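In what follows, a single structure is set out as structure tokens and then discussed.
All of the numbers you see were taken from the coordinates with simple rules; none came from a lab. Everything numeric in this text was worked out from a predicted model, so none of it was measured. Cβ atoms come from the backbone with ideal geometry, glycine included; neighbour counts cover every protein chain shown.
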Amino acid sequence: MIGADFFRSLSLIEDLEHPERFSHYRPTRRALPIITAIVEPGATTMVIAPYGSGKSLAAGVGALLVFNSDDDRRALAPVLDRVDQVEAALGSALRSRSAGSLQGHVVVLSGMVEDPIAAIAEALGMKQPPKSVEGFGKKMRDAGWDHVAIVWDEFGRHL
């Protein structure tokens, strides 16, 4: 039997459809920049850390804040309380996002991806990749998303 304090590893591709799987997350000061990089439009970051250090879990919390559905908000309520304990100002900013009506989209790539542009276009529901970055922007506006985050999980696994 697995104890209540045991948390299994996550697959962003498989687990983002189940926001409750992220409710147990206990953020740390080092993990908060991962969440922030996903939630803030235009932010970029690369995270290198050992297996099991919570990279995917933090990225998943950020992704759920971007999606911002009713289920996501319910699942993240206890997580946001814990963020407040680590960094109150960021907790307040994340809570504002969660309480608002803005919704975005998250593209999750995992491992080796032959053609990232085509994979992103497919994840956004585009029949073919755009010829320019502006084509992605048009898709975002047409879909009503305020922000699209791209998370490439397990990037180095194929190296």
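General remarks:
- Residue ID - surrounded by the fewest Cβ atoms within 10 Å (Cβ to Cβ), chosen from residues in the range 37-69 that are touching a helix residue (DSSP H, G or I) at 6+ places or on another chain (Cβ under 7 Å), closer than 21 Å to Trp145 by Cβ and not hydrophobic (A, V, I, L, M, F, W, C): Thr44
- Test: residue in the range 3-12 that is of a type in the set (A, V, I, L, M) and either crowded, with 19+ Cβ neighbours inside 10 Å or not in a loop (DSSP other than H, G, I, E, B) (or both): yes
- Residue match in the range 70-92 (condition: crowded, with 19+ Cβ neighbours inside 10 Å, part of a loop (DSSP other than H, G, I, E, B) and touching a residue at least 12 places away in the same chain (Cβ under 8 Å)): no
- A residue that is closer than 25 Å to Leu10 by Cα and either in contact with a helix residue (DSSP H, G or I) (Cβ under 7 Å, 6 or more places away or on another chain) or in a helix (DSSP H, G or I) (or both) occurs nowhere in the range 132-146.
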